[in-house]
Amino acid sequence: MTAEPLVALRGIEKTFGSIAALRGVDLDLFAGECLGLVGDNAAGKSTLTKILAGVHEPDRGSIIVAGEDVRFPDPAAARARRIEMVFQDLSLCDTIDVAGNLFLGREIARSGFLRKRAMIDAAREMLAGLQIRIPNLTATVGSLSGGQRQSIAIARAASFDPLVLIMDEPTSALAVAEVEAVLTLIRHVKARGVAVVLITHRLQDLFRVCDRIAVMYEGLKVAERRIGETSLEDLVSLIVGSGGA
Amino acid sequence: MNASARPAGSRRADFLIRYAPVLSIAGFAVICLIFFAWGSPYFLSGGNMLNLFRQSAPLLIVAIAMTFVITTGGIDLSVGSTVALVNALAAIALQAGLAWPLVVILMLGVGAIVGGVQGWFSAYQGIPSFIVTLAFLTGLRGFALLLTRGYSIPIAPGSWFDVLGRGSLGPLPVPALLALATAFVGFVVLDGTTYGRHVTAVGANLEAARRAGIPARRIAASVFVLSGIAAALAGLITAARLGSGSSNAAVGFELEVIAAVVLGGTSLFGGTGTIVGTVLGTLTIAMIGNGLILMHVSPFFTEIATGAIILGAVWLNARVFARLAGPGRRQ
């Protein structure tokens, strides 16, 4: 692992009304590494990643990308710094086909007219690069399974060539085989040198793809473990707040 | 790749699922055609068919634009009142001696502005389009009544303006040609352009469209400009055909338009629009009206029949569609 982190969060604080959602969190992200972010509901995982994705602005603290102090007033600013997030709701258009969703908002067109053939070809290439199998690229996304939809959302985010890719609960609603496919996909993305942040409640998934795990508790990062140095029991006790940091 | 991979599924099944709504309205249109051809010897005659196309032209033009509005998940209830306003304004302007090409351009401009204002209220101010256009349905009609004081205003015959409503190119009536051109352009734009794709995306998932960098509000507002212009064109055609402008024109027109669009298979929830379906839906409604009159059924009964047929067709559509699409489909 390189000594210099790709992205560093320092002393991030965020308050919603009277609730201190984050109380000074430090976090480093490294290229080609998957960081698992765990913690109970309302521990601050989502708030932290949303700050990184530009959805919320921190009250205090700094975001350092490649050594430079940056501010993300909106998601576009984060995207400009090549930080992508796959939201839990996936942000797909159910009535539009697979190729159309992959190219949503940046359609391949010639003087305003869609080049559907070119989009399907490019989509096939995009999916093949991540070894995602979708037989029919002209099927509407609404007709696909949960795992396929998740794969498309991840492929779409990965196609922006991000430095950091945040995934919020990508495996929570999936069947066994689909979870495997998504975990494999995360490994492929990681192998491209992307820093992956994985929020999940499924602790067993962490041990399959993550290199490092950060545990959040009541708005603080209470522990950070390399994957080889921890166990399921250790994580559980940290998450419920009974373990030592 | 994978030995146990699922096959892609038959192309025929995919085709059926995708086009089920259009196929069902196409079937319905054919049934209507056969029924009325059997019921009246005049129904299929060339003269009656051309008349049917001429009469349904305003309906078709506005229904095409309404398909865009409904595809974004909006609704435009003001089109009938816009038709009346343009109808009256055009007659007043022509009576005042304005040149007809200028009148046409001005009226289309009025339609665009009326639509643009409604689009602004609904897309940028977050007021549901149902409410905004309901307000305009009342307001624009009142404005037209105020302008004409309720009287019908005659348009002096003999100018080229008449051609818009009564002219023919060869055997084909000019209004029908205008409607067909509108339908063709609508089909190409909705199905084949970036703009059409964005219209669908805004209706399918507004938040996703916004996150993908689509100017969602501008798209949602723009469709009302389209329906405003289309209503203005329909108003001009009606004025030219009847040779007068009246503030009482096109009462209940908006409901007929929406019925045609929904009958064609466009989803009121947004995200799914079909121009081919809208054309078939419009023709079906036009055939029912025309055919029942030819069969000497009371015109009052026509309204009952139209209502029943709309409900029946949409019900069939939903049933057939739901079964073909299977449980995988959401919403």
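The values are calculated or read from the model by the stated rules, or taken from the named source; none is laboratory data. All values reported here derive from a predicted model rather than from experimental measurement. Note: ideal-geometry Cβ built from the backbone for every residue, glycine included; neighbour counts use all protein chains shown. Each accessible area value is taken on the protein alone, full model and side chains, heavy atoms only, with ligands, DNA and RNA left out. Shrake-Rupley method; radii C 1.70, N 1.55, O 1.52, S 1.80 Å.
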- Task: Determine the percent antiparallel among the DSSP beta bridges restricted to the protein assembly as shown, to the nearest 5.
- Result: 60 percent
- Message: For the ranges B:34-47, B:127-140, A:208-221, what's the packing order if you count other beta-carbon atoms within 10 Å of each residue, average per peptide, and put the highest first?
- Response: A:208-221, B:127-140, B:34-47
- Message: Counting just the Cα atoms, what span does segment A:135-245 cover along each of its three principal axes? Round to the nearest Å and put the largest first.
- Response: 52, 28, 25
- Note on the structure: Across B:206-213, the residue-averaged tally of Cβ atoms belonging to other chains within 10 Å stands at 6
- Message: Considering only protein heavy atoms and a probe of 1.4 Å, how much of the accessible area of segment B:184-226 is carbon and sulfur, as a whole percent?
- Response: 63 percent
- Roughly how many whole Å is it from the C-alpha centroid of segment B:218-244 to that of segment A:110-136? 38 Å
- Item | Hz values of 3J(HN,Hα) by residue in segment A:197-205 - Karplus curve (6.51, -1.76, 1.60), Gly and Pro given as x | 10, 10, 8, 7, 9, 8, 4, 4, 5
- Query: What are the residues whose amide H is under 5 Å from the amide H of A:D59, where those residues sit 5 or more places off or on another chain and H is modelled from the backbone?
  - Reply: A:E13, A:K14, A:T15
- Message: Between A:Q131 and B:L180, what is the label-point separation in nm under the 7 Å Cα-to-beta-carbon projection?
- Response: 5.6 nm
- Rounded to 5, percent antiparallel among DSSP beta bridges of chain A: 60 percent
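So for segment B:169-234, Kirkwood radius off the Cα pairs, Stokes-Einstein at 10 °C and 1.306 mPa s: how many µm² s⁻¹? List each step's numbers first, then the result.
On the way: Rh = 13.4 Å.
Roughly 119 µm²/s, to the nearest whole number.
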- Between segment A:31-49 and segment B:14-36, what is the C-alpha centre distance in whole Å? 52 Å
- Which length gain, in nm to one decimal place, applies between B:A318 and B:R149 when the Cα-Cα distance is subtracted from 0.36 nm times their residue separation? 56.3 nm
- Karplus 3J(HN,Hα) series, Hz, for segment B:235-252 with 6.51 cos²θ - 1.76 cosθ + 1.60 (x for Gly, Pro): x, 5, 4, 4, 4, 5, 6, 8, x, 7, x, 9, 6, 9, 6, 6, 6, x
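Would you mind estimating how fast chain A diffuses translationally, via Stokes-Einstein at 25 °C and 0.890 mPa s with the Kirkwood radius over Cα pairs, in µm²/s? Working shown, then result.
Numbers: Rh = 18.7 Å.
So the translational diffusion coefficient is about 131 µm²/s.
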- Can you spot the lysines whose alpha carbon is less than 19 Å from A:K14's alpha carbon? Ignore those fewer than 8 places along the same chain. A:K45, A:K50, A:K221
- Note on the structure: accessible surface per residue for segment B:20-323, probe 1.4 Å, DNA/RNA/ligands not counted, whole Å² -> 43 Å²
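Shape of segment A:1-146 from its Cα gyration tensor (a ≥ b ≥ c, root eigenvalues): rounded if a/c is under 1.5, otherwise prolate when a/b > b/c, or oblate?
prolate
Applying 1/(1 + (r/R0)^6) with R0 = 56 Å to the Cβ-Cβ distance of B:Q55 and A:S231, what FRET efficiency is obtained, to the nearest 0.05? Before the final figure, lay out the partial values.
Values: r = 78 Å, r/R0 = 1.40.
Efficiency for this residue pair is about 0.10.
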- Item | Convex hull volume per residue in cubic angstrom - Cα atoms of segment A:201-245 | 69 Å³
- Name the residues whose placed amide hydrogens come within less than 5 Å of the amide hydrogen of A:Y217, ignoring near sequence neighbours (fewer than 5 apart) on the same chain. A:V222
- Other-chain or far-sequence residues with amide H under 5 Å of A:V86's (modelled H): A:I166, A:M167, A:D168
- Other chains near B:191-199: what is the mean number of their Cβ atoms within 10 Å of each residue's Cβ? 5
- Item | Ordering of A:77-85, A:155-163, B:82-90 by packing [mean C-beta count within 10 Å, highest first] | B:82-90, A:77-85, A:155-163
- Based on DSSP H assignment, which helices of chain A show an axial Cα extent of at least 15 Å together with a mean Kyte-Doolittle hydropathy greater than or equal to -1.0? A:116-129, A:146-158, A:176-191
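What does the structure give for A:102-111 when I average, per residue, the other chain Cβ atoms found within 10 Å of the residue Cβ?
Details: counts 0, 2, 11, 13, 4, 8, 1, 5, 1, 2.
Rounded to a whole number, the mean comes out at 5.
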- Determine the distance separating the Cα centre of segment B:69-122 from the Cα centre of segment B:48-64; give it in Å without decimals. 19 Å
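Determine by what factor the alpha-carbon radius of gyration of the protein assembly as shown differs from 2.2 N^0.38 Å, reporting the quotient. Please report the intermediate quantities before stating the final value.
Details: Rg = 29.2 Å, N = 576, 2.2 N^0.38 = 24.6 Å.
Working it through for the protein assembly as shown, the quotient is 1.19.
May I ask for the accessible area buried between chains B and A, both sides summed, probe 1.4 Å, to the nearest 100 Å²?
Accessible area lost upon association: around 2300 Å².
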- Message: If N is the number of residues in chain B, what value comes out of its Cα radius of gyration divided by 2.2 N^0.38 Å?
- Response: 1.04
- Query: How high is the relative contact order of chain A, given as a whole-number percent (alpha carbon pairs under 8 Å, six or more residues apart)?
  - Reply: 26 percent
- Query: Could you give me the ³J(HN,Hα) list for segment B:16-29, computed from phi with Karplus coefficients 6.51, -1.76, 1.60 and θ = phi - 60°, whole Hz, x at Gly and Pro?
  - Reply: 4, 5, 5, 9, 3, x, 5, 4, 5, 6, 5, x, 5, 4
- Packing-based ranking, highest mean first, of B:272-280, A:100-108, B:165-173 given that Cβ atoms within 10 Å are counted: B:272-280, A:100-108, B:165-173
- Determine, from the Cβ-Cβ distance of B:V297 and B:L169 and an R0 of 30 Å, the FRET efficiency 1/(1 + (r/R0)^6), rounded to the nearest 0.05. 0.35
- Message: Please compute the contact order of segment B:20-323 in relative form: average sequence separation of alpha-carbon pairs under 8 Å and at least six residues apart, divided by the residue count, as a percent.
- Response: 37 percent
